[in-house]
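Read through the structure below, which is laid out as structure tokens, and then see the notes.
The values are calculated or read from the model by the stated rules, or taken from the named source; none is laboratory data. For clarity, every value in this text was computed on a predicted model and none was experimentally measured. So basically every Cβ, Gly included, is an ideal-geometry build from the backbone, and we count neighbours across all protein chains shown. Areas reflect the complete protein model, heavy atoms only, side chains present, ligands, DNA and RNA absent. Shrake-Rupley method; radii C 1.70, N 1.55, O 1.52, S 1.80 Å.
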Amino acid sequence: MNRAIAPQTRINSGESAPRKTRARLVWNGLSTFQRIILAGFMVTVFLAAFGPMLAPFPTTLADPMQRLSPPGAKHLFGTDENGIDVLSRLLAAPRTDVTIALVATALSVAVGAALGVFAGYFEGGTRRWLHWASEIGLRFLDILQAFPVFILAMVLVAIRGTGPMNVLFAVAFVNFPVFLRLVRSEVLSLRERPFAEAALAIGNSDLGVCFRHLLPNAWPVVIVQVSVTVGFAILLTAGLSFVGAGVSPPTPELGSMIASGAKFMILGQWWVVMFPGLMLGLIVFTFAMMGEILGRFLEPGHSSTAQSRARSPVTARNRPKAMEPKAGSPNEVLSVSGLVVKPAFGGGRPVLDRVDLHVEQGEILGIVGPPGAGKSVLVRSIMVLLGDKLHHAEGRIAFRGEDLTGLDERALRRILGRDLVPLLANAKEQLNPLVRIGELMVAHIRAHSPCSRRVARQRAADMLGSIGITDAERRLRAYPHELSGGMAQRVCIAISLIHRPALIVADEPTAGLDVTVQRQVLDLMIGLCEETGAAQILATRDLGIVAQYCRRVAVLHEGRIVETGLVEKVLVAPSHPATRALVEAARLQSVPTTLAEATP
Amino acid sequence: MTEPLVAVAGLVKRFYINAHDYIGAINGISFRIGRGETLGLVGESGSGKTTVGRCLLRLIEPTEGRIHFEGTDLAGASREQLRALRPRLQIVFQDPLASLNPRRTVRQAVGEPLVLQSSMPSVARGSAVLDMLERVHLGPHHLDCYPVELTTSEQQRVAIARALITRPALVVLDEPTSSLDPAVRSEILTLLAGLQAELGAAYLFISHDLMAVERISHRVAVMYLGHIVEIAPTPEIMSRPRHPYTRALMSAVLSPDPHTRLPPNPVRGEIPSALNPRPECPFLSRCSIRMDDCRNGRPPMLDLGLHHYAACLRAMEAVPAMGEC
């Protein structure tokens, strides 16, 4: 466990700004409730270590004179049937229970995790005997886990006899399958991650992959489970002692204290049983809640990501002047002016800063920029789909002369999906997997132009036919997963064009498609726009798409439009350094070509 | 031709679904890579190019075929032989963050191949790690960073440093630039070309990005549905592509120069399923110049001279050079 936690507490040397320690950062991130839990945990651990020394009276020495005296000034929590101070026994008891539970849990983690890694790593592998070994082991566990845990533990203690050591082994034995299964299922998914393959490729042995790479990544879930299991193990230890199968009196132990006190409950001497019972409940609860807090300590680099990504301040000097739209141009479909979008909470610099754009009828405007420049945010703010984390601070988004930001939801719904439609990346993931293509298209048609289902279905089939999809009827009956990525994007294009929109707002419409398919989809999309007279905004990181398919281009850089103009001008003779960097990168100009050398 | 570094002959990889049905991921391919040479392997998703890289390193088991590498047949090598060869044979993956263990620092990740390989004293190892980091333009302040604390470019450079620290003879670059944005892509390609000049490793550069492949490859092999359909030196294949699929790929490249005219798109449809491949030309369903003979068996690799080979019955026909059509 230490190995997994230690590196995270190290402070990252690569940063200059003074930083708080990790523990402090985590403490600040906790809620009041979690802080109380953490404090309770500390107290429990402290009691387990030093409890017996704090006891004001001897914990095992009977005093018949003081038998069953009620709580008072001398004995704060009263005394039990042997006349021993309940408070003293209470302070000393956690040592027994917590120690047994901790050691037993450690043992079951060690055995369970080690076997779990092997079971997960070799399951279904090419070496059949290892696969069968893990398979047989797991079936054996199934049998074991079919027994109620408490009964199993009691049987084990009954076979080996009572005493702290045997309780410890019994508790460890009934808990190790939990860790084995947990680690196995984690490893089953971890081993498919590329870093596991990379570990093999650089020459690790199977053991090396298991213990150096897979197990450390499974630790977080194990740690969370450990704290739950420790709580449960305390309960189990106390339970075994309660039924007389565990730690026997006079050793101070919560279970046997409850057992001996239970018979006095009915006689009105409630204090003998109530205080140990409360304590047991609180300890178990504290451990169970600790899991979540521990989980926070175990994310690598969790503390520094936010700070290390601070961006350089933007200077206003790069901002070109003459780019305001000629207001009121008759063919203008969309005109964005002075758009500012800020994070909804906590202020910070704007994500989009005074963005001005205009798109004319039938025009295709490309929006390019490095990652994080705000392309997607711009696309979403045009469709008034910013969500909760961003907020439209100022500016106008005029669609055919109407300010979209001022419209109420009903008016907006009439426009979105009919006159102003989105076209986003990963079409396949955007289609609801449970809805057939036909139903989706019919619903979309009827949402904006009331007609019968039959008519709508016919229109949907015609639409698919017009974009070159043969056997449209079969496609209408298909579910999204039955379509290839290219076909799904074609269906999305068909859906977006059904109502002959005035403007399509596309965000990386061909991301994830193969190049030959991308070419077909783009040809189709641009061709249809020309046919129907729809204008289009096309945000992409691929300058090739812009160069070949767009008329004008706007370059977005750190939330501002730094350059805009005809594609032939901007991409051939860029004036802003950000544009120049984009063009150079797209043309791979800085990459030295190896072709001059002779080929073997 | 001198003794090649890698000679792959008749490589086949089938994924069986049941006793009779299988996915033909690789259907018998052969190629060679010379020392210090870069072979670009181009194809779309589903073409089997990534499977070739995995088979070459025996990260998955090939079904048939031989892979000669420095006097050993990798396809038949034992686990111990393979582990001994790992330092000579390395791989860089597509997604840099996913290919690095999130719980190990840069120092641990880059130094690990050395720890595994030899009993090198830790002082020497430390300086070897620093030297390698310098070559990929990272510094000592990156040593104790975790992968999530680095930028994508830095992560990929760490992965490259890890692959090259043992001075391998062959590095499989599996789409190393595909998940990167254009600026980082160009930076990583520059770095890879420079490192090859310094360290002399041969690359198998697997990518669907024809522009990147053209930049850094000496020769290019085009894969389609588990077959190599054309292989030739880069200038030759770029100026005179003979296979219709190669031409389709090239016409799909969207040049960032608006003055370059886009050639007409010669293909329709998408790559078909690789389930139970039939003995016919794999490109048949999408080909615009197919003939009846194309259904009778897979077309053989035709030697077109100048180390140019294409698996198309009509490869010999005069075709206009690219850009003139």
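Some observations on this one:
- Span-like helix criteria (full DSSP H runs; alpha carbon extent of at least 30 Å along the helix axis; mean Kyte-Doolittle hydropathy of at least -0.5) are satisfied in chain A by A:32-54, A:86-122, A:164-190, A:215-242, A:271-297.
- Taking every C-alpha pair closer than 8 Å and separated by at least 6 residues, the mean separation divided by the residue count of region A:73-217 gives a relative contact order of 31 percent.
- When the convex hull of its Cα atoms is viewed from all sides, region A:176-238 shows a mean projected area of 4.4 nm².
- Here the contact order of chain B, divided by its residue count and restricted to Cα pairs under 8 Å and six or more residues apart, works out to 21 percent.
- Panel values: region A:12-131, Kirkwood radius from alpha carbon pairs, Stokes-Einstein at 37 °C and 0.692 mPa s, translational diffusion coefficient 170 µm²/s.
- Apportionment of accessible area to carbon and sulfur, chain A, percent (1.4 Å): 61 percent
- Kirkwood-based shape ratio for region A:86-202, expressed as Rg/Rh from alpha carbons: 1.12
- Across peptide B:178-184, the average count of Cβ atoms from other chains found within 10 Å of a residue's Cβ is 5.
- HN-Hα J in Hz across region A:353-370 - Karplus 6.51, -1.76, 1.60, θ = phi - 60°, x for Gly and Pro: 10, 6, 8, 10, 8, 8, 10, 9, 3, x, 8, 10, 10, x, 10, 10, x, x
- As a calculated quantity, the FRET efficiency between B:E198 and B:S288 at R0 = 41 Å, using C-beta atoms, amounts to about 0.40.
- Computed from the alpha carbon positions, the gyration tensor of region A:56-125 leads to an equivalent ellipsoid with semi-axes of 47, 9, 8 Å, biggest first.
- Separation of the A:F46 and B:F15 label points, Cα + 7 Å toward Cβ, nm: 5.8 nm
- Nearest-ten-degree value, helix B:182-199 long axis tilted from longest Cα axis of chain B: 70 degrees
- Its Cα gyration tensor gives region B:203-245 an equivalent ellipsoid; the semi-axes, largest first and in whole Å, are 15, 13, 9.
- Where labels lie 7 Å past Cα in the beta-carbon direction, separation of B:S122 and A:E473 in nm: 7.5 nm
- Surface/4 estimate of mean projected area, convex hull on alpha-carbon atoms of region B:39-101, nm²: 5.5 nm²
- For peptide B:99-112, the mean count of partner chain Cβ atoms within 10 Å of a residue's Cβ comes to 5.
- Solution diffusion estimate, µm²/s, Stokes-Einstein, region A:407-552, Kirkwood Rh from C-alpha pairs, 4 °C, viscosity 1.567 mPa s: 83 µm²/s
- Taking the chain by itself as reference, region B:126-156 contains these residues with an accessible-area loss of 50 Å² or more in the full protein complex (1.4 Å probe, heavy atoms): B:D144, B:Y146, B:V148, B:E149.
- Within region B:40-165, the proportion of C-alpha pairs whose separation exceeds 25 Å stands at 34%.
- Inverse mean reciprocal Cα-Cα distance (Kirkwood Rh) of region A:125-276, Å: 18.4 Å
- Alpha carbon convex hull of region B:182-325, projected area averaged over orientations, nm²: 10.2 nm²
- Area of A:K428 that stays accessible when all protein chains are in place (1.4 Å probe, Å², to 10): 90 Å²
- Rg to Rh quotient for chain B, alpha carbon positions, Kirkwood Rh: 0.99
- Long-range HN-HN contacts of A:A425 with modeled amide H, under 5 Å: A:D507
- Cβ-Cβ FRET estimate between A:T126 and B:R167, R0 fixed at 30 Å, reported to 0.05: 0.50
- Relative contact order (percent, whole number), chain A, Cα cutoff 8 Å, 6+ residue spacing: 12 percent
- Set A:K569/B:K49; A:K375/B:K49; A:K375/A:K428; A:K389/A:K569; A:K342/A:K428 screened for pairs whose C-alpha atoms are more than 27 Å apart: A:K569/B:K49; A:K375/B:K49; A:K389/A:K569; A:K342/A:K428
- Relative to the dominant Cα principal axis of chain B, helix B:122-135 is inclined by about 50°.
- Viscosity 1.306 mPa s, temperature 10 °C, Stokes-Einstein D of the protein assembly as shown from Kirkwood C-alpha radius, µm²/s: 49 µm²/s
- Placing R0 at 45 angstrom, the Cβ-Cβ distance between A:I136 and B:S178 gives a FRET efficiency of 0.60 after rounding to 0.05.
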